[in-house]
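Down below is the structure, laid out as structure tokens.
The values are calculated or read from the model by the stated rules, or taken from the named source; none is laboratory data. Owing to the predicted nature of the structure, the values given are computational and were not obtained by experimental measurement. Counting neighbours? That spans all protein chains shown, and the Cβs are built from the backbone with ideal geometry, glycine included. In case anyone asks, the SASA skips ligands and DNA or RNA and just uses the protein heavy atoms, side chains included. Shrake-Rupley method; radii C 1.70, N 1.55, O 1.52, S 1.80 Å.
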Amino acid sequence: MNKINHIKHRKALDLVKPYLPGKPLWEVQKELRLARVIKLASNENPIGASPNALEVISNSLTTLNRYPDAHAVELKAAIASSLSLTNEQLIITNGADELITLISETYLEAEDEIIVPSPSFSEYDFGAHLMGAKVVPVPLDNEYQFNIDLILSAVTDHTKLVYICSPNNPTGTYLPKSKLEELLQSLPNHILVVFDSAYSHFATNEDYTNGLEYVRSGYPIIVLQTFSKIFGLAGLRVGFGVAPENIIQSIVRVKEPFNVNSLAQVAAAAAIMDEEHVEKSKQVNTAGREQLYKAFRELGLEFIVSMSNFILVKFGSNANQIYQHLLSQGVIVRYGDTWGMPQHLRISVGTADENTILIEEIGSIMKRQLVHFKGEIK
């Protein structure tokens, strides 16, 4: 008798879909035996981590026999100083992903609902399903912009959370400041807005807001930030949330102690003060976006103008074939089927050289397809 078959998991897990990350560099190199692989799939910082962060990591290696600070006091102080906040408005987590789960554990019960614009980051759904709550998707409009009226019309007595990812992953579009203010003022008081501004540093439009001003004003909003993008610390997994003190106090009650390791804490504290690295990263990204826009226009490809460090590009019915071919040539991008967009690829902005390699590979593929198409007509 096999007793293991009688052990049943929670019914809520039937709806949970594990996150599927992009392939890492080493895996593609090993599988395809390629000497050169560039990764433009996970929206990482192509110029690397803050040099200041690397220095403090090196200097902290001898302390690894000690547990990390469970309250991340020094990192909170660095963030508070940089962003004009108080320590009490901050929670430090193992990446923003952990914070999404903690928010779900704090506020959601079975039969509760969350509203998520679609397509967007899948971890919002994951956290809700984990708690047995219902996900209510609200589609973006035809230009992949947020529709505040549709969001408000989806609100019910069961709604507990409204997620806004701005700039939005995977579209790169954003919610203008006036629209966020309209949303905050129109929602019932019992609803918490989760404003994920992980990509805020890359936004260049004047009407963009990272949401922090509404925390300072006392609105029921929690802003999610990460050190994985502009600061280049994706491998250390450290993020943070900013919210009114009473919201932070509630979430801290479900947080595990020692959730952020020592090296991540000291590195993040150094990185947030490294203005030179942040500005250089912004410049590389802005220039890279323009480089890719120009190439996509010349190739006749449709794309969405992005306020982030990635661009969503429409390749049509051959998108998966193009994705696979790029992979075979050592260029890793993200296939849009993950978000129910099988005609699209999401492409991270790389260095100028990495972008050039991508452009050349796409141009080569499209040229072969055109020759093949003309041959069929003959």
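Is it the case that segment 229-246 has a residue that's at positive phi and either surrounded by 20 or more Cβ atoms within 10 Å (Cβ to Cβ) or touching a strand residue (DSSP E or B) at 6+ places or on another chain (Cβ under 8 Å) (or both)? Break it down stepwise before answering.
Going residue by residue through segment 229-246, those that are at positive phi are 232, 237.
From what is left, the residues that are either surrounded by 20 or more Cβ atoms within 10 Å (Cβ to Cβ) or touching a strand residue (DSSP E or B) at 6+ places or on another chain (Cβ under 8 Å) (or both) are 232.
Taking every residue of segment 229-246 in turn, at least one turns out to be at positive phi and either surrounded by 20 or more Cβ atoms within 10 Å (Cβ to Cβ) or touching a strand residue (DSSP E or B) at 6+ places or on another chain (Cβ under 8 Å) (or both).
In segment 323-378, which residue that is modelled with pLDDT under 95, β-branched (Val, Ile, Thr) and open to solvent by 50 Å² or more (accessible area, probe 1.4 Å) is nearest to residue 284 (Cα to Cα)?
Result: 338.
Looking at 206, 98, 123, 213, which is the one that is of a type in the set (Asp, Glu), within 26 Å of residue 272 (Cα to Cα) and modelled with pLDDT under 95?
123
Do you know which residues across segment 281-300 are among the hydrophobic types (A, V, I, L, M, F, W, C), closer than 16 Å to residue 348 by Cα and surrounded by fewer than 17 Cβ atoms within 10 Å (Cβ to Cβ)?
The one that is among the hydrophobic types (A, V, I, L, M, F, W, C), closer than 16 Å to residue 348 by Cα and surrounded by fewer than 17 Cβ atoms within 10 Å (Cβ to Cβ): 287.
From the list 40, 75, 85, 34, pick out the single residue that is modelled with pLDDT of 95 or more, more than 22 Å from the chain's Cα centre (by Cα), open to solvent by less than 50 Å² (accessible area, probe 1.4 Å) and not polar (S, T, N, Q).
85
Can you find a residue that is within 16 Å of residue 100 (Cβ to Cβ), in contact with a Leu (Cβ under 9 Å, 6 or more places away or on another chain), in a loop (DSSP other than H, G, I, E, B) and open to solvent by 10 Å² or more (accessible area, probe 1.4 Å) anywhere in segment 211-221?
no
Of the residues that sit in segment 313-322 and are surrounded by 13 or more Cβ atoms within 10 Å (Cβ to Cβ) and touching a residue at least 24 places away in the same chain (Cβ under 8 Å), which one is farthest from residue 345 (Cα to Cα)?
318
Every residue in segment 113-129 that is out of contact with any strand residue (DSSP E or B) (no Cβ under 6 Å at 6 or more places or on another chain) and not in a helix (DSSP H, G or I), please.
Within segment 113-129, 119, 122 qualify.
Quick check on residue 120: is it among the small types (Gly, Ala, Ser), crowded, with 18+ Cβ neighbours inside 10 Å and out of contact with any Cys (no Cβ under 8 Å at 6 or more places or on another chain)?
The answer is no for residue 120.
Need the failing condition index for residue 174 against (1) of a type outside the set (Gly, Ala, Ser); (2) in a loop (DSSP other than H, G, I, E, B); (3) open to solvent by 10 Å² or more (accessible area, probe 1.4 Å); (4) in contact with a strand residue (DSSP E or B) (Cβ under 8 Å, 6 or more places away or on another chain), just the number.
(4)
Give 49, 110, 70 a once-over and let me know the one that is in a loop (DSSP other than H, G, I, E, B), open to solvent by 60 Å² or more (accessible area, probe 1.4 Å) and of a type in the set (A, V, I, L, M). Break it down stepwise before answering.
Details: 49 fails: open to solvent by 60 Å² or more (accessible area, probe 1.4 Å); 70 fails: open to solvent by 60 Å² or more (accessible area, probe 1.4 Å).
Testing whether each residue is in a loop (DSSP other than H, G, I, E, B), open to solvent by 60 Å² or more (accessible area, probe 1.4 Å) and of a type in the set (A, V, I, L, M) leaves just 110.
Check whether at least one residue in segment 302-312 is within 22 Å of residue 203 (Cβ to Cβ), open to solvent by 10 Å² or more (accessible area, probe 1.4 Å), out of contact with any strand residue (DSSP E or B) (no Cβ under 9 Å at 6 or more places or on another chain) and modelled with pLDDT of 95 or more, and report yes or no.
There is at least one residue in segment 302-312 that is within 22 Å of residue 203 (Cβ to Cβ), open to solvent by 10 Å² or more (accessible area, probe 1.4 Å), out of contact with any strand residue (DSSP E or B) (no Cβ under 9 Å at 6 or more places or on another chain) and modelled with pLDDT of 95 or more.
Can you pull out the residues in segment 114-151 that are out of contact with any Asp or Glu (no Cβ under 9 Å at 6 or more places or on another chain) and more than 26 Å from residue 42 (Cα to Cα)?
The answer is 149, 151.
Return the residues of segment 339-367 that are farther than 25 Å from residue 232 by Cβ, aliphatic (A, V, I, L, M) and in contact (Cβ under 8 Å) with a residue 60 or more places away in the chain; say none if nothing qualifies.
Once the filter is applied, which keeps residues that are farther than 25 Å from residue 232 by Cβ, aliphatic (A, V, I, L, M) and in contact (Cβ under 8 Å) with a residue 60 or more places away in the chain, segment 339-367 yields 341, 362, 366.
Return yes when residue 364 is in contact with a Leu (Cβ under 9 Å, 6 or more places away or on another chain) and over 19 Å from residue 304 (Cβ atoms) and no when it is not.
Here the answer is no, as residue 364 does not meet what is asked.
Give the number of residues within segment 248-264 that are under 28 Å from residue 192 (Cα atoms), open to solvent by 20 Å² or more (accessible area, probe 1.4 Å) and assigned to a helix (DSSP H, G or I). Spell out the reasoning first.
So the first thing to find is which residues in segment 248-264 are under 28 Å from residue 192 (Cα atoms), and the list is 248-260.
Filter again for open to solvent by 20 Å² or more (accessible area, probe 1.4 Å), leaving 249-250, 252-259.
If we keep only those that are assigned to a helix (DSSP H, G or I) as well, we get 249-250, 252.
Number satisfying all stated conditions: 3.
Right, residue 96: assigned to a helix (DSSP H, G or I), touching a residue at least 40 places away in the same chain (Cβ under 8 Å), open to solvent by less than 50 Å² (accessible area, probe 1.4 Å) and among the small types (Gly, Ala, Ser) or not?
yes
Consider only pairs whose beta carbons are under 9 Å apart and that are at least six residues apart or on different chains; among these, list those whose first residue lies in segment 245-260 and is touching a residue at least 24 places away in the same chain (Cβ under 8 Å) and whose second residue is aromatic (Phe, Trp, Tyr) and open to solvent by 40 Å² or more (accessible area, probe 1.4 Å).
Close Cβ pairs (under 9 Å, with a partner that is aromatic (Phe, Trp, Tyr) and open to solvent by 40 Å² or more (accessible area, probe 1.4 Å)) amount to 250/107; 251/107; 257/67; 258/67.
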